[in-house]
Amino acid sequence: MSDHRPTHRVPERGELEIEVLGPLRYGSPLRSRGEGFVDEAERVLVPATETELRPFLERGAAVPSFEPAGPRDRLFFDPTAITCGVVTCGGLCPGLNNVVRSIVRQLVYGYGVPRVLGFRYGYAGLAPRNGHAPIELTPQIVDTLHEQGGTFLGSSRGPQDIGEMVESLVRLGVRVLFVLGGDGGLRGASAIAAEIRRRGLPIAVVGLPKTIDNDLRWTVRSFGFATAVEAARTVVQAAHVEATAAWNGIGLVKLMGRHAGFIAAHATLASSDVNFCLIPERPFTLDGEGGLLHALERRLAAKHHAVIVVAEGAGQNLLREGPEEYDASGNLKLKDVGVFLRDAILRHFAAIGTPVTVRYFDPSYSIRSLPANSLDAQFCLMLGQHAVHAGMAGRTDLVVGSWSGRFVHVPTRLVTEERRQLDPEGEEWQRVLDTTGQDTLMGSPAATTASMA
């Protein structure tokens with residue numbers, strides 16, 4: 001759903017190797033049903049164009065490539081003799097329950113794993129001092145989870161003692177831990193894997209990319225994003241209806257996106273009714289020629305209605321008042337740019353004597369708690385299955401991602417070393433500008449006239 005071309009450093013081939021716990025001693029039970037297995041010699045290339053590939057060829061370096069995801073003919077674990085664990089971390093996201101269900105069903109029905117534990121309330125459930133006993137997950141318990149939003153296991157933010165969590169895994173006999181998380185959750189997963197490595201324990205840690213903002217590096221798509229865009233499009237359509245129903249009506253929609261504007265951009269493209277799309281990657285000003293308020297004046301003078309979509313992390317440079325605050329995960333608490341813009345617009349037009357009607361929409365929590373749509377549901381099912389295949393084959397400290405139309409194994413460190421953002425010079429953002437025409441109104445000479453549509 002979004003451009004996957006690297007806009008930052010392309011890793012060397014050696015940085016993409018996946019850690020394996022040891023020799024693969026066991027045959028896969030999937031043989032009996034004629035499952036096709038991954039060819040271990042196959043790789044999925046990272047460079048997508050000749051321009052990206054050329055530097056490696058010119059210096060005779062190995063071309064960077066990912067290990068493909070999928071079932072392996074030989075396993076590290078005897079699946080009939082192990083316990084596995086699942087934990088969901090961070091904020092809610094459509095598809096969490098789908099992934100949990102997929103993991104449990106693949107473990108039990110596919111591999112015959114006798115015991116699967118669900119850890120409650122994120123990493124807090126792995127620290128006994130918090131008093132959250134794990135739940136034993138069975139196919140019967142998870143049977144209808146995919147029909148529900150949220151997470152059956154509960155979630156939380158913030159770190160726990162790494163040693164204490166590893167001790168819990170050892171005490172409970174967990175040999176594969178599946179972590180559904182975003183940037184913070186996956187950093188925690190990598191820290192757990194590092195402590196396991198330090199102790200020389202045969203425990204695998206497999207991550208799955210959970211961030212509704214779609215801002216994890218080296219995976220084209222994270223689950224929940226498609227549902228979020230679909231739901232956001234409905235809200236944008238409502239804002240457009242409200243705006244056109246009033247003289248000088250303004251529909252203002254704040255969407256998720258702390259550091260990346262993917263949801264705002266794709267909701268804008270999906271609706272085609274947005275006149276201004278504001279994202280963290282593209283700073284904007286309020287006042288003066290080229291500022292949002294002057295551009296909004298021009299838009300209303302021409303059409304008497306406007307729709308603005310703003311990502312929650314946009315315009316934070318305009319709201320830097322008072323001390324900075326951080327949440328339990330160490331993330332900077334954002335100021336509310338939606339309320340700020342609403343009030344600034346009302347003040348501005350009152351000052352110049354132009355009556356306007358502003359309808360403000362903030363659907364963030366209602367969107368992130370939705371059940372997965374059909375596109376995400378399929379994606380979650382496959383992510384869960386591939387995560388189980390990776391864990392059974394002793395792969396560890398990795399995230400199951402998608403690249404060039406394939407599921408791949410990505411070292412966790414690469415996924416979390418920097419956030420993926422929308423390229424303000426790239427084709428994706430150019431499509432947004434072509435759709436909104438906002439650069440014409442905000443003073444860019446290279447923009448189209450679509451803003452007058």
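Numerical summary
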read-out	value
Residue ID - modelled with the highest pLDDT, chosen from residues in the stretch 440-453 that are within 15 Å of residue 307 (Cα to Cα) and in a helix (DSSP H, G or I)	441
Flag if residue 122 is within 25 Å of residue 414 (Cα to Cα), surrounded by 20 or more Cβ atoms within 10 Å (Cβ to Cβ) and touching a helix residue (DSSP H, G or I) at 6+ places or on another chain (Cβ under 6 Å)	no
Residue match in the stretch 75-84 (condition: polar (S, T, N, Q) and under 22 Å from residue 99 (Cα atoms))	yes
Within the stretch 1-25, considering residues that are part of a loop (DSSP other than H, G, I, E, B) and small (Gly, Ala, Ser), the one modelled with the highest pLDDT	22
Residues of the stretch 179-204 that turn out to be touching a residue at least 24 places away in the same chain (Cβ under 8 Å), open to solvent by 20 Å² or more (accessible area, probe 1.4 Å) and not hydroxyl-bearing (Ser, Thr, Tyr), as a count	10
Condition check for residue 364: of a type in the set (Gly, Ala, Ser), closer than 27 Å to residue 335 by Cβ, open to solvent by less than 50 Å² (accessible area, probe 1.4 Å) and touching a residue at least 40 places away in the same chain (Cβ under 8 Å)	yes
So residue 83, is it among the polar types (S, T, N, Q), at pLDDT 95 or above, open to solvent by less than 30 Å² (accessible area, probe 1.4 Å) and farther than 30 Å from residue 366 by Cα	yes
Selection from the stretch 348-380 of residues that are of a type in the set (Val, Ile, Thr) and assigned to a helix (DSSP H, G or I)	367
Considering residues of the stretch 144-164 that are open to solvent by less than 30 Å² (accessible area, probe 1.4 Å) and farther than 26 Å from residue 258 by Cβ only, the residue farthest from the chain's Cα centre (by Cα)	163
Residues satisfying the stated conditions in the stretch 205-236, i.e. free of Cβ contacts under 8 Å to residues at least 60 places away in the same chain and surrounded by fewer than 24 Cβ atoms within 10 Å (Cβ to Cβ)	233, 234
Out of 371, 424, sole residue that is open to solvent by 10 Å² or more (accessible area, probe 1.4 Å), more than 25 Å from residue 245 (Cα to Cα) and in contact with a Lys or Arg (Cβ under 6 Å, 6 or more places away or on another chain)	424
Residue 343 being without any contact (Cβ under 8 Å) to a residue 12 or more places away in the chain and either open to solvent by less than 60 Å² (accessible area, probe 1.4 Å) or touching a helix residue (DSSP H, G or I) at 6+ places or on another chain (Cβ under 7 Å) (or both)	yes
Unmet criterion (only one of (1) within 24 Å of residue 233 (Cβ to Cβ); (2) under 19 Å from the mean Cα position of the chain (by Cα); (3) small (Gly, Ala, Ser)) for residue 401	(1)
Any chance residue 249 is open to solvent by less than 20 Å² (accessible area, probe 1.4 Å) and modelled with pLDDT of 95 or more	yes
Residue among 399, 388, 337 that is open to solvent by less than 10 Å² (accessible area, probe 1.4 Å) and modelled with pLDDT under 95	337
Entirely in the stretch 222-339, the helices (runs of 4 or more DSSP H) that have 2 or more residues that are out of contact with any helix residue (DSSP H, G or I) (no Cβ under 9 Å at 6 or more places or on another chain) and over 15 Å from residue 436 (Cβ atoms)	225-244
Qualifying positions in the stretch 51-68 - open to solvent by 10 Å² or more (accessible area, probe 1.4 Å) and in contact with a helix residue (DSSP H, G or I) (Cβ under 6 Å, 6 or more places away or on another chain)	62, 63
The stretch 293-319 residues that are farther than 24 Å from residue 237 by Cβ and among the aliphatic types (A, V, I, L, M), paired with ones that are open to solvent by 10 Å² or more (accessible area, probe 1.4 Å) and outside any helix (DSSP H, G or I) (beta carbon under 6 Å, 6 or more apart)	293/286; 319/335
Residue within the stretch 88-104 that is in contact with a Cys (Cβ under 7 Å, 6 or more places away or on another chain), buried (at least 19 other Cβ atoms within 10 Å of the Cβ), touching a residue at least 40 places away in the same chain (Cβ under 8 Å) and of a type in the set (Val, Ile, Thr) present	yes
Among (1) farther than 16 Å from residue 213 by Cα; (2) part of a strand (DSSP E or B), the one test that residue 383 misses	(2)
Residues (closer than 17 Å to residue 272 by Cβ and open to solvent by 50 Å² or more (accessible area, probe 1.4 Å)) located in the stretch 299-317	303
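The values are calculated or read from the model by the stated rules, or taken from the named source; none is laboratory data. This is a predicted model, so every value here is computed, not measured. Heads up, the Cβs are rebuilt from the backbone with ideal geometry, glycines too, and the neighbour counts pull from every protein chain shown. The protein model used for the area step is the full one, side chains on, heavy atoms only, and it has no ligands, DNA or RNA in it. Shrake-Rupley method; radii C 1.70, N 1.55, O 1.52, S 1.80 Å.
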